[in-house]
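The structure appears below as structure tokens.
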Amino acid sequence: MAKLILSIKDTSESTVNVAVCSKQLPYLWNGNHYNLEGTFIKTLVHAAGCDSVTKLVLSLKDTPESKVDVAL
């Protein structure tokens, strides 16, 4: 009689935190372009054949403002 031995492989998860200036948009990540900040999740398949869940947390850096007074 044959015996089945079943093992469950873990899903891997990773998070990438990125802060860019607005002029750097669209941001390219895992083959997709993102035009605004937010959290984006993509499921891939890793080398062992299991799901690999990756999360992108994209935020925009504050644009500094400057003021120059010019006397004419």
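Quick look at the numbers
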| item | result |
| --- | --- |
| Positive-end residue of V53, L28, T15, charge dipole of the chain with Cβ unit charges | V53 |
| Extended-chain gain in nm, criterion 0.36 nm per residue less alpha-carbon gap, K55 and N30 | 8.0 nm |
| Dipole in debye (nearest 20) - the chain, about Cα centre, beta carbon charges: Lys, Arg +1; Asp, Glu -1 | 300 |
| Cα gyration tensor shape for the chain, rounded if a/c is under 1.5, else prolate or oblate | prolate |
| Sparsely packed trypsin sites (Lys or Arg not before Pro) within region 1-41, loop by DSSP, other Cβ within 10 Å at most 10 | K3, K9 |
| Trypsin sites (Lys or Arg not before Pro) restricted to region 29-65 and DSSP loop, no more than 16 other C-beta within 10 Å | K61 |
| Antiparallel content of DSSP bridges confined to the chain, in %, to 5 | 55 |
| 3J(HN,Hα) from dihedral phi, region 54-71, Karplus parametrisation 6.51/-1.76/1.60, rounded to Hz, x for glycine, proline | 10, 10, 9, 10, 9, 10, 9, 6, 5, 8, x, 10, 9, 10, 10, 8, 10, 8 |
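Computed from the coordinates by the stated procedures, all read-outs in this text should not be read as laboratory data. The shown structure was predicted, so the numbers you read here are calculated from the model rather than taken from an experiment. Using ideal geometry, Cβ is built from the backbone for each residue, glycine included, and neighbour counts are taken over all protein chains shown.
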